[in-house]
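The values are calculated or read from the model by the stated rules, or taken from the named source; none is laboratory data. Please read these numbers as outputs of a predicted model, since none were measured by experiment. When we count neighbours, we look across all protein chains shown, and the Cβ atoms used for this are built from the backbone with ideal geometry, even at glycine.
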Amino acid sequence: MVTEFKNKEQLVLERSKKVKEELRYFFSEKDYDRLCRIFRDEAKGDDRLVVSNLVIKIKFKLRKIYKKLDQLYEDRKISKNTMKLNLTVGARDKYEKYIESLNEYIDNSEEIINHYGGMLVYSCIPLVDKYFSEHEIIQILGGSYTQAKRIKEYYNKKETGTESITDSFILHHVEYRWKKGRCKDLVDCPDWEMPLFNCVSSYMWKAINSSPKAREKMDNYFEDKFGELMSYTTFDSQGNVINVEKIYQNLTQNGLIRDYQGPFISELKQKNIFDNETIYKIKRIDNGVYSIIGEDKKEIARIYKKIG
């Protein structure tokens, strides 16, 4: 049996074709013909409006789904708390079945959101970029002009530009509305107020988590940017926090010898000169396993946490 591996371009093309087939169910015959002309790069007249109408249609459908999910999550939380009470066998069975149905409804809703995410990422966003001006894009997304200005200023300062202005607007919260009492530097609104952002970002995270290489690349990026602030949290079977440990720690020779073991630690012990001024940077690799990191960010040695 010969296994054919497809490159990134082939996978994107296949996904794009699949999305085009799925789009048929969203349109009248006339609008679908208009969309086909757009995909063939033969758009004429006001064909482009079918794209903006689709994005707006998806946004309103997503808004309804997210509002319903808020209610479902709350119902599930209340039901689970009720299950902790001293219920009769019949009542407990009733709540178990109700929670099971809620989970099924939630799973189906999240799958629909993921489906819309694929449509937006592979078809809608590239077409909006292609056929609409920046001013029109903000209107289509239902965005804030003030926030759009901030996003543009951010990219201008970086001097790197962006491959997709629509994607940048969505992922940098152009939908977010600052209202009285809300944070200015933190998004604190319900999911339904930013349906496009939540849909696209959840789709992207799902794609990243399903690819080991992509997940590793993203983990490395976050460690590089926020490693000093990140930590591992250990929970017991009841969900209680039993230990919190930073990914990176700075320790002296005394701290290393006291809490860790391994060949590198043995070499430190054999030195005649006691050095408690040099700072060693260690990184948690696994439970009880650590690396000593050099200035070039490469591993110098592997050490192990003492037990007991």
Task: Hits in region 130-150 (condition: more than 27 Å from Asp41 (Cα to Cα), more than 22 Å from the chain's Cα centre (by Cα) and of a type in the set (S, T, N, Q)) - done: Ser144, Thr146
Task: Hits in region 274-287 - residues which are more than 20 Å from Asn254 (Cβ to Cβ) and in contact with a strand residue (DSSP E or B) (Cβ under 7 Å, 6 or more places away or on another chain) - done: Ile285
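Output the helices (runs of 4 or more DSSP H) that fall wholly within region 1-99 and possess 3 or more residues being modelled with pLDDT of 80 or more and surrounded by 14 or more Cβ atoms within 10 Å (Cβ to Cβ), or say none.
On the way: elements: 8-23, 29-39, 49-83.
Output list reads 29-39, 49-83.
Quick grid of which residues meet (1) surrounded by 10 or more Cβ atoms within 10 Å (Cβ to Cβ); (2) out of contact with any His (no Cβ under 6 Å at 6 or more places or on another chain); (3) not aliphatic (A, V, I, L, M):
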| position | (1), (2), (3) |
| --- | --- |
| Asn254 | yes, yes, yes |
| Gln261 | yes, yes, yes |
| Glu267 | yes, yes, yes |
| Gln270 | no, yes, yes |
| Glu277 | no, yes, yes |
| Tyr280 | yes, yes, yes |
| Ile285 | yes, yes, no |
| Tyr290 | yes, yes, yes |
| Glu295 | no, yes, yes |
TODO: Please find, among Ile151, Ile106, Ile137, Ile113, the residue that is farther than 16 Å from Glu163 by Cβ, free of Cβ contacts under 8 Å to residues at least 60 places away in the same chain, in a helix (DSSP H, G or I) and hydrophobic (A, V, I, L, M, F, W, C).
DONE: Ile106
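One line per residue, one yes/no per condition, for (1) part of a helix (DSSP H, G or I); (2) at pLDDT 90 or above:
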| site | (1), (2) |
| --- | --- |
| Asp185 | no, no |
| Asp188 | no, no |
| Asn198 | yes, yes |
| Ser201 | yes, yes |
| Trp205 | yes, no |
| Phe222 | yes, no |
Open item on the list: Between a residue in region 190-216 that is among the hydroxyl-bearing types (Ser, Thr, Tyr) and any residue that is surrounded by fewer than 20 Cβ atoms within 10 Å (Cβ to Cβ), which pairs come within a Cβ distance under 6 Å, given they are 6 or more apart or on different chains?
Closed with: Tyr203/Asn114
